[in-house]
Protein chains: 2
Amino acid sequence: VTGYDRNPLELALGLERGALDVAASDLATAVADADVVILATPVLAMRDILAELAPVLKPGALVSDVASTKSAVTSWAREFGVNFVGGHPMAGSERSGMVAARLNLLRGALYMLTGDSPLLEGLVRGIGARPMFISPEAHDTAVAAISHVPFLTSTALVKATMHDPRWAEWAPIAATGYRDVTRLASGDPAMYRDICLTNAGAIAPLLRELAAELGRVAADLEDRAALEELFQDARTRREDWLQRQESFRLP
Amino acid sequence: VTGYDRNPLELALGLERGALDVAASDLATAVADADVVILATPVLAMRDILAELAPVLKPGALVSDVASTKSAVTSWAREFGVNFVGGHPMAGSERSGMVAARLNLLRGALYMLTGDSPLLEGLVRGIGARPMFISPEAHDTAVAAISHVPFLTSTALVKATMHDPRWAEWAPIAATGYRDVTRLASGDPAMYRDICLTNAGAIAPLLRELAAELGRVAADLEDRAALEELFQDARTRREDWLQRQESFRLP
């Protein structure tokens, strides 16, 4: 396993923790002998990287990635003639870099793949993840709903509360509920910026629907029956999803 | 410690787990000899309970509660001449009932009190919580921001995604991020219904501000600089809050 990163500290930590066998000094050297290349950068950085990789890859080398949107990167790979199958492991945290790495991070997690590659599928199964095949377009709509809109919701809630002049009084009182609903707002700004820029079409309508729903709730705050139905329905649906989701996981 | 609950199963479990010394068969018996009475029901149930308690309390007995809004219950206690100091422990989970009880649940947690009572303050310190004195009105605005609006945000996100016709395709992909942002939506519907009904005035403007913010984000999804500033600011403010909040906690 050969690694390359712009930041030499990440490489040093990767070597020390045993994630890498070799740290390369530049991108071309890193991929020279590779059968599989996995890119992990903000999405918009990948266009230049794919252009740089195309002429130096070994013939037949497969390129994949772990970014959160798949349509844009798939079209760039096609543009530069790179043999590409997009990937998206559905695990991780709001932390980034080698310091956030955990050996079993992907164990039991879903790993979306935008194409068929026995080599890549074997790698995914080898780290204990569960491959799932999906088109780049279906992927991007799904993650808009279950990942990008939740991030933007967390972020908007932070903005709406922490910019309030009364925040200084509220801050010591905020507890685990506030912490969890806002957790995603601590995610990497550059990563999410690129996610939004490459997936605005799927995110915008869902975000507008959520804003409209919040407006309806604000209007219904004194309607006992409407509140009860909304809260009961949300709880039932979420608990049902949680239970099914747990049945997908490895023990 | 004497307990009373409408549901005899809760009482049986309370005895079995050692949370209660005695299970009373009705409310009047439960409070007959009590120096301190702690009410834990949805807020709107408390008016009738305070009316029922008023004539049967021991002279000088103190009544407190653990509900999430304080203005309404404080005015009812005044109406019925009950010696009342409101309480609100800032801990817990989306689960309810004796099965969700944990011995150290309140250890290190903030415990808001709406009045001065050495007896109650001693009890709060005795279970390892940190008392904080606040007026019912300031309390209700603060918890609207850091608890009620986050709950409604979680719930609205569940509604906006799980009612979408494509939810069946999205459900298996939703992972820890979605789970955490929607965690509060699994909270007790009756409890939150009463919270909204007794705190609509504080919740509504904050909810409208959040809806407006989401609308602004939807309009800015292709504005690189605006996204970057929003995400960087939210991350910095949240990390700063987390760090300060941790410094409040007991080790």
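The values are calculated or read from the model by the stated rules, or taken from the named source; none is laboratory data. Values in this document were obtained by computation on a predicted structure and should not be read as measured data. Cβ placement follows ideal geometry from the backbone for every residue including glycine, while neighbour counts extend to all protein chains displayed. Protein only, heavy atoms only, side chains kept; ligands, DNA and RNA dropped before computing areas. Shrake-Rupley method; radii C 1.70, N 1.55, O 1.52, S 1.80 Å.
Values as computed for the structure displayed
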{"item": "Region B:181-203, residues that are farther than 16 Å from B:Ile146 by Cβ and at the interface with chain A (Cβ under 7 Å from one of its Cβ atoms)", "result": "B:Thr182, B:Ala185, B:Ser186, B:Pro189, B:Arg193, B:Leu197, B:Ala200"}
{"item": "Conditions (1) in a loop (DSSP other than H, G, I, E, B); (2) more than 21 Å from A:Asp188 (Cβ to Cβ); (3) hydrophobic (A, V, I, L, M, F, W, C): number failed by A:Ala67", "result": "(2)"}
{"item": "Residues of region B:48-58 that turn out to be in contact (Cβ under 8 Å) with a residue 24 or more places away in the chain, crowded, with 17+ Cβ neighbours inside 10 Å and not in a loop (DSSP other than H, G, I, E, B), as a count", "result": "2"}
{"item": "Residues of region B:32-41 that turn out to be more than 24 Å from the chain's Cα centre (by Cα) and surrounded by 15 or more Cβ atoms within 10 Å (Cβ to Cβ), as a count", "result": "1"}
{"item": "Qualifying helices (runs of 4 or more DSSP H) (wholly inside region A:92-187; at least 3 residues being open to solvent by less than 50 Å² (accessible area, probe 1.4 Å))", "result": "A:118-126, A:136-143, A:149-162, A:176-181"}
{"item": "Residue count for region A:210-222, restricted to those that are crowded, with 16+ Cβ neighbours inside 10 Å and more than 7 Å from chain B (Cβ to nearest Cβ)", "result": "1"}
{"item": "Leading residue by the ranking (farthest from A:Ser147 (Cα to Cα)) among those in region A:229-251 that are more than 7 Å from every other protein chain (Cβ to nearest Cβ) and either surrounded by 20 or more Cβ atoms within 10 Å (Cβ to Cβ) or touching a residue at least 24 places away in the same chain (Cβ under 8 Å) (or both)", "result": "A:Leu250"}
{"item": "Count of region A:59-71 residues which are of a type outside the set (Ser, Thr, Tyr), under 24 Å from B:Gly177 (Cβ atoms) and open to solvent by 30 Å² or more (accessible area, probe 1.4 Å)", "result": "1"}
{"item": "Condition met for A:Ser25 (free of Cβ contacts under 8 Å to residues at least 24 places away in the same chain and within 24 Å of A:Leu110 (Cα to Cα))", "result": "no"}
{"item": "Residue count for region A:98-117, restricted to those that are under 15 Å from the mean Cα position of the chain (by Cα) and away from every other protein chain (no Cβ under 14 Å)", "result": "1"}
{"item": "Those residues of region B:10-19 which are part of a helix (DSSP H, G or I) and in contact (Cβ under 8 Å) with a residue 24 or more places away in the chain, in sequence order", "result": "B:Glu10, B:Leu13, B:Gly14"}
{"item": "Matching residues, region B:72-91, being in a helix (DSSP H, G or I) and either open to solvent by 40 Å² or more (accessible area, probe 1.4 Å) or of a type in the set (Lys, Arg) (or both)", "result": "B:Ser75, B:Arg78, B:Glu79"}
{"item": "Any hit, region A:164-176, residues being in contact (Cβ under 8 Å) with a residue 24 or more places away in the chain, touching a helix residue (DSSP H, G or I) at 6+ places or on another chain (Cβ under 6 Å) and either under 13 Å from B:Pro150 (Cβ atoms) or more than 7 Å from chain B (Cβ to nearest Cβ) (or both)", "result": "no"}
{"item": "Output for region B:193-209, where each listed residue is open to solvent by less than 20 Å² (accessible area, probe 1.4 Å) and not hydrophobic (A, V, I, L, M, F, W, C)", "result": "B:Asp194, B:Asn199"}
{"item": "Inter-residue pairs, beta-carbon under 6 Å, first at pLDDT 95 or above and in region A:203-228, second part of a loop (DSSP other than H, G, I, E, B) and of a type in the set (D, E, K, R), 6+ apart", "result": "A:Ala226/A:Asp220"}
